[in-house]
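First comes the structure, then the notes that go with it.
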Amino acid sequence: MAANEQGLTTEFATAYREMMLQGLANEVKTSKKILSAVPDDKRDYRPDPHARTAWELAWHLANTDVQFLDGIASLEFKMETPADADKPKTIAELVNWYDANIARATARIRAMTPEQLMRPVEFFGVFNLPAAFYLGVLNNHSIHHRGQLATYLRPMGAKCPSIYGGSYDEPFQRATRAA
C-alpha cells in the first residue's frame with residue numbers, strides 16, 4: 001500500500017520530519033553529554049559478561065544514529081560501519097565524530113523532498129515504512145541505548161549528567177527570572 005493510500009500527505013511528511021529533527025537535535029545534545037561522561041580508562045567496563053562494553057555501547061549509539069539517518073536519506077538501509085582505521089579511538093574523538101556526522105546526515109534528511117519522505121523503505125524484512133517514519137524508530141533506538149550507557153556511568157566511577165531533568169550529579173536548576 002502506497003503512503004498516500006494510508007492517508008499520508010506531503011504536508012504531514014514534511015511537518016513530521018521537522019518535528020522529529022527538532023526533537024533529535026535535543027536528544028543529540030543529551031547523548032553527547034552521556035558519551036562525554038564515559039571515562040576512557042573505563043571503556044572496557046561491562047556490567048555483565050553478556051553485556052556490551054561501555055565503548056561498544058557508545059560506538060553503537062553514535063554510529064547507529066548516523067547509519068539510520070544515512071539510510072533514510074538514501075532510501076535504503078545498509079547499516080555499514082566504517083573500517084576500524086576510520087573509527088574514533090577515544091571518547092573525545094567519538095563525540096567529535098558523532099557531532100560532525102550527525103550534522104552531515106541531518107542535512108541530508110532536510111534536503112529530502114516530501115515525495116522521498118513518503119516513499120516506503122524496506123528495513124531488513126522487519127519494516128516497510130515511509131522514509132520519514134524511521135525518524136521515530138531512530139529516536140526510540142537512540143534513547144534506549146543512551147539509557148543503557150547512562151546506567152554504566154556510576155559503576156565506572158563517573159558522574160551521570162542530567163538527561164530529562166536533574167540527576168544526583170547534575171541537579172535540576174530553575175531558570176532565574178529577570179527582574
Review point. Excluding Ala158 itself, what net charge comes from residues whose Cβ is under 15 Å from its Cβ, given Lys and Arg +1 and Asp and Glu -1?
Key: +3
Check your understanding: Cα extents of the chain along the three principal axes, largest first, in whole Å?
Key -> 54, 53, 26
Check your understanding: Along the charge dipole of the chain, Cβ charges K/R +1 and D/E -1, which of Leu75, Ala107, Gly23 sits furthest on the positive end?
Key -> Gly23
Check your understanding: Among Val137, Val95, Val126, which one moves the most in a GNM of the chain with springs linking Cα atoms closer than 10 Å?
Key -> Val126
**Study point:** 19 Å Cα-Cα threshold exceeded, pairs from Lys29/Lys159; Lys29/Lys89; Lys42/Lys159; Lys32/Lys159; Lys33/Lys159
**Key:** Lys29/Lys89
Check your understanding: With each pseudo-label sitting 7 Å past Cα toward Cβ, what's the Glu93-Asn140 distance in nm, one decimal?
Key -> 3.5
**Study point:** Length-normalised contact order of the chain in % [C-alpha pairs under 8 Å, at least 6 apart]
**Key:** 30
Practice item. Per DSSP H run of at least 4 residues, take -39500 (n - 2.57); add these up for the chain, divide by its residues and hand me the 222 nm value, nearest 500 deg cm²/dmol. Key: -18000 deg cm²/dmol
Revision key, fill the gap. Rounded to the nearest 10 Å², the accessible area of Lys89 using a 1.4 Å probe with every protein chain kept is 110
Exercise for review: Report, to the nearest whole %, how much of the accessible area of the chain belongs to carbon and sulfur atoms, 1.4 Å probe, protein only.
Suggested key: 54
Check your understanding: In Å², what does the accessible area per residue of the chain work out to with a 1.4 Å probe?
Key -> 56
**Study point:** Prolate/oblate/rounded label for the stretch 125-179 (Cα gyration tensor, a/c 1.5)
**Key:** oblate
Review point. Please state the equivalent ellipsoid semi-axes for the stretch 36-113: what are the square roots of 5 times the Cα gyration tensor eigenvalues, largest first, in whole Å?
Key: 26, 14, 10
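The values are calculated or read from the model by the stated rules, or taken from the named source; none is laboratory data. Because the structure is a prediction, the values reported are computed rather than measured. Every residue, glycine as well, gets a Cβ built from its backbone with ideal geometry; the counts of neighbours run over all protein chains shown. Surface accessibility is based on the protein's heavy atoms, side chains included, excluding ligands, DNA and RNA. Shrake-Rupley method; radii C 1.70, N 1.55, O 1.52, S 1.80 Å.
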